[in-house]
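The values are calculated or read from the model by the stated rules, or taken from the named source; none is laboratory data. Note that the structure is a prediction, hence the values are computed from the model and not measured. Here the Cβ is made from the backbone with ideal geometry for all residues, glycine too, and neighbour counts use every protein chain on show. Ligands, DNA and RNA are excluded from the accessible area calculation, which covers all protein heavy atoms including side chains. Shrake-Rupley method; radii C 1.70, N 1.55, O 1.52, S 1.80 Å.
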Amino acid sequence: MSTLTLEFTKLALSKKRRRWQLYFVMVTEHPDDNDKMLVSSFPDPYIRLKPNQDNVISFEPEGGPGADGLFVLERPLPADNRIKTRLYLFQSRKELRHLGEALTDLQSTLGGDAFEIVTDALGTSVPWLVIAKRAVPMVGNILCDIKDRNMGFVSLDESFDEISETNSCLVRANGFSTGEAKLWWKWKLHK
């Protein structure tokens, strides 16, 4: 069975601000149930960028080709060779942020459309909240109410129909919807 991994390689901010406390919120398809989605926030603690980093963080270590970036998820390749994944970027306005609490708050706000928080989903130790697919629009509305600064979203959706034995890595980049940041990532297919 083929598996997919998602890695972030670089994040660049276009705003002039010199200090950042950043975190991501991801919404992606559940690997085993087509009627469910998974939501998580990471990293915990958040990413701190200081003036000497020039508003850029590279998740890939120096050392040449083959280096891994920030590991985000691993899952089986979907039967239709497509995956839907949305990523939101936030600037934390609090000195200390407990991202696990955000999932618990989201779970209570969604009520019956939220199920359990799982830690063994998608190959990471990051906790994921399992939600009904119909609740995804509500997640967007709830994220708008977060007191932190919403720096937009980017679609990481991908079709793996064109991936081959010789090219098992898709390198992508895109700007967040606000134009305040740009993300570079890799989808890797392991057969």
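Tabulated data
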{"read-out": "Near pairs, Cβ below 6 angstrom, 6+ apart or cross-chain, from segment 166-177 (of a type in the set (Ser, Thr, Tyr)) to any residue that is surrounded by 14 or more Cβ atoms within 10 Å (Cβ to Cβ)", "value": "168/189; 177/152; 177/153"}
{"read-out": "Segment 117-135, residues that are surrounded by 16 or more Cβ atoms within 10 Å (Cβ to Cβ) and closer than 16 Å to residue 107 by Cβ", "value": "117, 121, 126, 127, 128, 129, 130, 131, 132, 135"}
{"read-out": "Segment 150-191, residues that are within 30 Å of residue 113 (Cα to Cα), assigned to a strand (DSSP E or B) and open to solvent by 50 Å² or more (accessible area, probe 1.4 Å)", "value": "150, 153"}
{"read-out": "Flag for residue 37 being touching a Lys or Arg at 6+ places or on another chain (Cβ under 6 Å) and closer than 21 Å to residue 145 by Cβ", "value": "yes"}
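The rows are residues; the columns are (1) surrounded by fewer than 17 Cβ atoms within 10 Å (Cβ to Cβ); (2) more than 20 Å from residue 118 (Cα to Cα).
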{"site": "33", "(1), (2)": "yes, no"}
{"site": "39", "(1), (2)": "no, no"}
{"site": "43", "(1), (2)": "yes, no"}
{"site": "46", "(1), (2)": "no, yes"}
{"site": "51", "(1), (2)": "yes, yes"}
{"site": "57", "(1), (2)": "no, yes"}
{"site": "61", "(1), (2)": "yes, yes"}
{"site": "67", "(1), (2)": "yes, yes"}
{"site": "70", "(1), (2)": "no, yes"}
